[in-house]
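Please treat every number below as a calculation from the coordinates, not as lab data. Because the structure is a prediction, the values reported are computed rather than measured. Positions of Cβ are backbone-derived with ideal geometry, glycine not excepted, and every protein chain shown enters the neighbour counts.
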Amino acid sequence: MIVYTKLPAVLLLEDGTVYHGKAAGKIGTTAGEICFNTGMTGYQEIFTDPSYFGQIMVTTHVHMGNYGIHPDEMESNNIKIAGLVCKNFSISYSRKKLGTSSIQAYCQDENVVGISDIDTRALVRHIRDKGAMNAIISSEILDIDVLKEKLFAVPSMEGLELSSHVSTKEPYCYGDENARLRVAVLDLGVKRNILRNFADRGIYAKVFPAKTMFEEMEKWKPNGYFISNGPGDPSSMLYAIDTVKKILAADKSLFGICLGHQILALANGIRTAKLFNGHRGLNHPVKNIMLDRCEVTSQNHGFGVVAEDVMKSDKVEVTHINLNDQSIEGIRIRGKKAFSVQYHPESSPGPHDSRYLFDDFVTSLIPKPIHLFPELVEGNKWIGFGETFIS
């Protein structure tokens with residue numbers, strides 16, 4: 001039986017700001033870059049998103065754990081956040097679904113150190129104004145001077161290569177092996193719901209470790225390639241940039257999400273840069289400028305592509321922009337079947353406005369000309385590919 005006692009805990013920011021609260025999860029000490037997510041639900045999916053590896057998560061919604069934890073709602077095999085900061089840490093939960101457990105039991109089992117009873121509204125306002133920075137949480141060390149020494153040793157997120165820490169160690173397959181189309185997934189920290197979206201559209205995916213070379217993936221004879229989301233600084237990932245360059249040179253279909261979007265940009269001479277504050281939440285407005293249509297998106301990134309470089313490029317075309325700050329949210333490569341978005345169309349959690357991008361990718365995989373493949377066509381859509389209509 002899990003016994004939850006509210007022991008004192010402390011949160012120290014890199015700029016010297018201190019917050020006192022109560023221990024949540026495992027008793028211990030943890031550090032990383034602090035960030036905040038504006039979503040009001042989906043905390044378990046957020047905790048298990050590999051893109052958050054090495055980061056302390058501040059949840060802006062007031063209740064954490066109120067509907068419990070369930071194995072079906074994980075985006076990877078375990079919690080990826082480095083630590084948790086929240087207002088109310090609820091050890092009781094409303095759902096009685098079989099297999100559901102408390103957030104306290106979950107965090108203790110996963111060795112996650114957290115702090116609750118913090119004024120998260122004031123904390124988020126502080127981070128918003130001061131920008132991204134490292135932080136440390138402790139429920140075992142309350143001496144601020146000792147914590148300052150430990151925090152000083154924590155490296156900056158800028159320059160860190162982290163995808164190899166969360167990527168699969170061995171290739172594995174996902175979906176129906178008899179599916180008509182195959183996609184090779186370069187796993188930089190892929191979320192499960194991305195793979196589900198592929199399987200729902202009749203795609204058999206093979207997921208490869210982050211540092212797999214193009215030549216090795218090509219032996220599987222995929223119809224196209226997907227470059228996944230993930231953590232860390234994209235400019236440090238020369239191995240992935242080189243792989244994407246080879247995919248483009250071979251004129252293969254390619255789709256990238258989040259970190260994959262940044263890697264595609266870097267492979268085409270576009271720089272990336274650390275954002276003052278990342279975009280994280282379920283409510284970010286983005287405009288598809290190709291369709292003149294807006295969508296509400298799920299986002300999680302601390303780096304972005306440099307807009308000035310994109311505008312000067314004769315190889316890259318902007319497809320989506322962020323309506324909050326006008327940052328680049330989507331690109332496509334001229335003369336290639338390659339495109340990417342900065343946000344998360346698989347949206348787990350989040351709205352489903354952007355799921356059409358998976359359909360667009362499927363369309364790019366279909367062998368041409370169409371009339372040579374009548375077995376793939378029924379009426380005006382591809383058989384087994386949902387709402388992917390022939391254009």
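Name the residue from Cys294, Asn277, Met237 whose Cα lies farthest towards the positive end of the charge dipole of the chain, charges +1 on Cβ of Lys and Arg and -1 on Cβ of Asp and Glu.
Cys294
So how strong a dipole does region 163-382 carry about its Cα centre when Lys and Arg Cβ are +1 and Asp and Glu Cβ are -1, to the nearest 20 debye?
Here the size comes out at about 240 debye.
Rounded to the nearest 20 debye, what is the charge dipole size of the chain about its Cα centre when +1 sits on each Lys and Arg Cβ and -1 on each Asp and Glu Cβ? Intermediate results must be reported in sequence, preceding the final value.
On the way: 42 positive and 45 negative charges, 90 e Å.
Charge dipole, the chain, about its Cα centre: 440 debye, nearest 20.
How high is the FRET efficiency from Met213 to Glu170, r the C-beta distance, R0 22 Å, rounded to 0.05? Don't skip to the answer; put the middle values down first.
Values: r = 15 Å, r/R0 = 0.70.
My answer for the efficiency is 0.90.
Among 256-268, 192-204, how do they line up from the highest to the lowest mean number of other beta-carbon atoms within 10 Å? Present the calculation step by step, with values, prior to reporting the outcome.
Numbers: 256-268: 27.5, 192-204: 20.6.
Those peptides, ordered most packed to least, come out 256-268, 192-204.
Roughly how tilted is helix 356-365, in degrees to the nearest 10 and between 0 and 90, from the longest Cα axis of the chain?
40
Report, in degrees rounded to the nearest 10, the 0 to 90 angle that the Cα long axis of helix 120-130 makes with the longest principal axis of the chain.
In the chain, helix 120-130 runs at an angle near 70 degrees to the longest axis.
Put +1 on the Cβ of every Lys and Arg and -1 on every Asp and Glu Cβ in region 8-152; which of Asn134, Pro50, Ala105 then has its Cα farthest towards the positive end of the dipole?
Result: Ala105.
Between Lys246, Lys219, Lys169, where does the largest GNM mean-square fluctuation fall for the chain, given springs only between Cα atoms within less than 10 Å?
Lys219
Based on DSSP, what percent of beta bridges with both residues in the chain are antiparallel, to the nearest 5? Show your work: numbers first, answer last.
Working: 50 of 81 bridges.
Close to 60 percent.
Mind telling me which of Gln342, Gln108, Gln326 comes out most flexible in a GNM of the chain, alpha-carbon contacts under 10 Å?
Ranking Gln342, Gln108, Gln326 by mean-square fluctuation puts Gln326 first.
Decide, for the chain, between rounded, prolate and oblate: order the square roots of the alpha carbon gyration tensor eigenvalues as a ≥ b ≥ c, take rounded if a/c falls under 1.5, and otherwise choose prolate if a/b is larger than b/c, else oblate.
prolate
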